[in-house]
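The values are calculated or read from the model by the stated rules, or taken from the named source; none is laboratory data. Keep in mind that what you see is a predicted model, and the values were worked out from it rather than measured. All Cβ positions, glycine included, derive from the backbone under ideal geometry; neighbour counts span all protein chains shown.
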């Protein structure tokens with residue numbers, strides 16, 4: 001079994017694939033429209049990439065992927081748009097920001113978690129115009145920043161995670177986040 005990267009047309013999907021390849025993990029990267037939900041059982045974990053533009057078909061497909069991973073307890077990591085979709089799936093909400101965020105932002109752990117020990121900070125690359133406004137009650141907040149209160153979260157009962165930023169553009173700290181997710185997923 002291997003990892004599935006869902007390409008939601010993110011401009012950073014090549015960076016994501018390269019970083020996972022550097023970790024020597026077997027994976028497939030498929031465009032969201034190529035995903036057959038029933039075939040998700042052949043993967044050990046799933047990563048939802050960010051996206052470039054709004055597309056209703058992308059939202060519908062990602063919702064089905066999240067539902068499947070939740071139902072069958074498949075570890076899931078949502079990046080930026082992927083994290084927003086996970087939050088929406090579980091009943092949270094989003095807000096359109098006044099300005100699009102591009103660049104490095106200091107992310108600080110507020111709860112000890114698999115990605116960062118308590119009160120540890122990293123600089124992570126942001127590129128988004130929406131942010132999580134209300135975090136679902138099914139999700140636990142792990143990290144925050146001055147730009148977005150809900151930077152990293154985890155499902156309270158499942159190995160489902162979301163990061164508002166782009167680990168694939170965040171250097172060694174980003175690679176560490178992927179490694180820790182893959183470790184929880186029993187892929188390393």
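Here residue 87 passes the criteria (1) in a strand (DSSP E or B); (2) more than 21 Å from residue 186 (Cα to Cα); (3) within 16 Å of the chain's Cα centre (by Cα) except the one numbered (1).
When restricted to residues that are at pLDDT 95 or above, farther than 16 Å from residue 181 by Cα and crowded, with 20+ Cβ neighbours inside 10 Å, the stretch 137-160 contains 1. A single member of 43, 32 is in contact (Cβ under 8 Å) with a residue 12 or more places away in the chain, surrounded by 12 or more Cβ atoms within 10 Å (Cβ to Cβ) and out of contact with any helix residue (DSSP H, G or I) (no Cβ under 7 Å at 6 or more places or on another chain), and it is 43.
Yes/no matrix, rows are residues, columns are (1) part of a strand (DSSP E or B); (2) within 26 Å of residue 134 (Cα to Cα):
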{"position": "44", "(1), (2)": "yes, no"}
{"position": "53", "(1), (2)": "no, yes"}
{"position": "64", "(1), (2)": "no, yes"}
{"position": "68", "(1), (2)": "no, yes"}
{"position": "96", "(1), (2)": "yes, yes"}
{"position": "102", "(1), (2)": "yes, yes"}
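The set of residues in the stretch 110-137 being out of contact with any helix residue (DSSP H, G or I) (no Cβ under 7 Å at 6 or more places or on another chain), closer than 16 Å to residue 155 by Cα and in a strand (DSSP E or B) consists of 134 alone. Residues that are in a helix (DSSP H, G or I) and touching a strand residue (DSSP E or B) at 6+ places or on another chain (Cβ under 6 Å) were ranked within the stretch 17-41; the one that is farthest from residue 165 (Cα to Cα) is 32. Residues of the stretch 138-151 that are touching a helix residue (DSSP H, G or I) at 6+ places or on another chain (Cβ under 8 Å) and in a strand (DSSP E or B): 139 alone. Just so you know, in the stretch 1-11 the residues that are in contact with a helix residue (DSSP H, G or I) (Cβ under 8 Å, 6 or more places away or on another chain) and modelled with pLDDT under 95 include one that is nearest to residue 60 (Cα to Cα), and it is 9.
Looking across 172, 177, 79, one residue alone is surrounded by fewer than 16 Cβ atoms within 10 Å (Cβ to Cβ) and either touching a helix residue (DSSP H, G or I) at 6+ places or on another chain (Cβ under 6 Å) or under 28 Å from residue 2 (Cβ atoms) (or both). It is 172.
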